[in-house]
Structures are given as C-alpha cells and as structure tokens.
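Accompanying notes for the structure given below.
The values are calculated or read from the model by the stated rules, or taken from the named source; none is laboratory data. All of these numbers come straight from a predicted model, not from anything done at the bench. In this analysis, Cβ positions are derived from the backbone assuming ideal geometry, glycine residues included, and neighbour counts consider all displayed protein chains.
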Amino acid sequence: MEKEFPNDVSRYSNPGVRIYFQTHEWDDGWVPVSDTSPLKYVSEYLPTDTALDILKENSPLVDIGAGTAYWSEIINRAGGDCIPIEPDTETRSYTWCDVENGTHEYVKKYPNRNVLLCHPPGSLWTVDLLDYMNDEQRLIYVGDWNGQDGITDFFDKLREEYHIVKTFEVVNWKTTTARGYVFESNGLNGKFSWGTNAMCKHLANANPYDDNIESRAFRTIYDRKHEPYYLMIDRENKKTD
C-alpha cells in the first residue's frame, strides 16, 4: 500500500514532515527506509497545523527539555512565542534555533509563560517540574499517556492536580498513541467546567477497549472519583428533557 502524506500539515512551515515522509515507511510502524539520521535532528512527534494553532493560542511558552528545539522553532515560525530550554546543549550537534542551557528548574524563571513538555524521558524531574509551576501556568504535554513518555508518578500527579481543557493530534507515524494535551491546574478555578465535565462523562461511558485514543486517555484521567460530577450533569439534563 502506498503511503499517504499526513493530513493537517500544509498551512505552516514544518520541514520535519517531508523529511520523514522521504526517509521512513509507516504502514505497520515507523521504519527507516535507508537514512536514519533525521532521528538526530527532528522530533519523533511533529506538530500538525491544528496543534500549532493551539500552541499559538497558549503562547508565550517555555519548552522544557527542548532537545534540538524543533517544536520551538516551528511554533515561532507559525507566529507563536516559545523559548527552548535544554540541559544538554553541549552534546547536541545541531539545533533548529538558539537554545537556552538550563534544567527544568528554569520554569521558575518564566512564571508568565505556559509550559511545553514534548516527548519527555522517564525521569523524576518531570514530577518536580509540576511542583515548580504556578497555578496560572498551563502545561501542554505531547506524548503517550502512561506509555514510553514520563513516569507513573508524573501521570498520577496530573490526574490529581490538573484537568484537561483541550487535546490535539500530532504526527506520530503510527508508532505510538501520542497526542497533545492542554492541562490547567485545579488550583486555578477549583473545579472542572461544565463543558469539560460533559465531555468526560461521554468518554468515560465509552467502551474502554475501543480503539479510541481519546476515550482511553480521558477515562484514565477522569476516573470514578469524579462520578458525582457525572451524576450532577445527568440530573441537569433530565430537567431539560
């Protein structure tokens, strides 16, 4: 079967998509055809146009653990505002833009910027990052949910202290279930919005074994401890029937 060029990647400059399209196959997974060098320079997950629209809406951003800073560069090209931070700049043979050398603690240096965390390693510093963020900062996480990105403590903390306000697709070449999530601290408003509750109720009632990324992710985040919210929505819906 002939591979198809990914959708939703035509409005913004996004050279990584064409690089991978020319060098990789992905009918049954992400397999290099011949040249594996792009892996050193381009992120495994790439932003779609929709992702860039959402990232622009959430600018200004600070990209923690930016790697080669591909996401930061593409966000800035699209008209957003993103500062890349990377602790291992000296080991990088190439970066897409100037990168500030620093650790996750640098999030405290930029308290007025939302935080981008793309394809993080399985490390405890991702948990510390959430502690260093203030309640006004949103977290835009790009990666697997309870998969190869992050660690269990990181996802547990997200479930307890944050809620999802939006999700978006990323180009991931069918290798993972990675997507983007926009999180907001529960300390900001004290409870979930009606719209978010309604969406969570719908997704929680979906078949958890269905091949639906959103259902699996939301069902994990909005577990049974939030059931009173669902029941409240049911009562309100019955009043209007």
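One line per residue, one yes/no per condition, for (1) at pLDDT 95 or above; (2) touching a Gly at 6+ places or on another chain (Cβ under 9 Å):
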site: Asn14; (1), (2): no, no
site: Ile19; (1), (2): no, no
site: Ser34; (1), (2): no, no
site: Asn58; (1), (2): yes, yes
site: Val62; (1), (2): yes, no
site: Gly65; (1), (2): no, no
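Which number in (1) modelled with pLDDT of 90 or more; (2) out of contact with any Asp or Glu (no Cβ under 6 Å at 6 or more places or on another chain); (3) farther than 19 Å from Thr177 by Cβ marks the one condition that Ala51 misses?
(3)
Has the range 169-176 got at least one residue that is at pLDDT 90 or above and assigned by TED's automatic domain parsing to the domain that holds Thr50? Full working, then the answer.
Start the filter on the range 169-176 by keeping residues that are at pLDDT 90 or above, which leaves 169-170.
Within this subset, residues satisfying the condition of being assigned by TED's automatic domain parsing to the domain that holds Thr50 are 169-170.
For the range 169-176, residues at pLDDT 90 or above and assigned by TED's automatic domain parsing to the domain that holds Thr50: present.
Give the range 74-93 a look and list any residue that's of a type outside the set (A, V, I, L, M), in a helix (DSSP H, G or I) and modelled with pLDDT of 95 or more, or say none.
Within the range 74-93, Asn76, Arg77 qualify.
So which residues in the range 99-146 are among the polar types (S, T, N, Q) and surrounded by fewer than 18 Cβ atoms within 10 Å (Cβ to Cβ), if there are any at all?
Listed by number, the residues that qualify are Asn101, Thr103, Asn112, Ser123, Asn134, Asn146.
Could you grab me the full set of residues in the range 39-65 that are aliphatic (A, V, I, L, M), within 22 Å of Gln137 (Cβ to Cβ) and touching a residue at least 60 places away in the same chain (Cβ under 8 Å)?
Residues satisfying the conditions are Ala51, Ile54, Leu55, Leu61, Ile64.
Checking the conditions here, which among Trp96, Trp71 is surrounded by 22 or more Cβ atoms within 10 Å (Cβ to Cβ) and in a loop (DSSP other than H, G, I, E, B)? Break it down stepwise before answering.
Details: Trp71 fails: in a loop (DSSP other than H, G, I, E, B).
Within the list Trp96, Trp71, the selection yields Trp96.
Of the residues Gln148, Gln137, only one is of a type in the set (S, T, N, Q) and either assigned to a strand (DSSP E or B) or within 19 Å of Glu57 (Cβ to Cβ) (or both); which?
The unique qualifying residue is Gln137.
If you scan the range 130-164, which residues turn out to be under 15 Å from the mean Cα position of the chain (by Cα) and either of a type in the set (A, V, I, L, M, F, W, C) or not assigned by TED's automatic domain parsing to the domain that holds Ser43 (or both)?
Leu130, Leu139, Ile140, Val142, Trp145, Ile151, Phe154, Phe155, Leu158, Ile164
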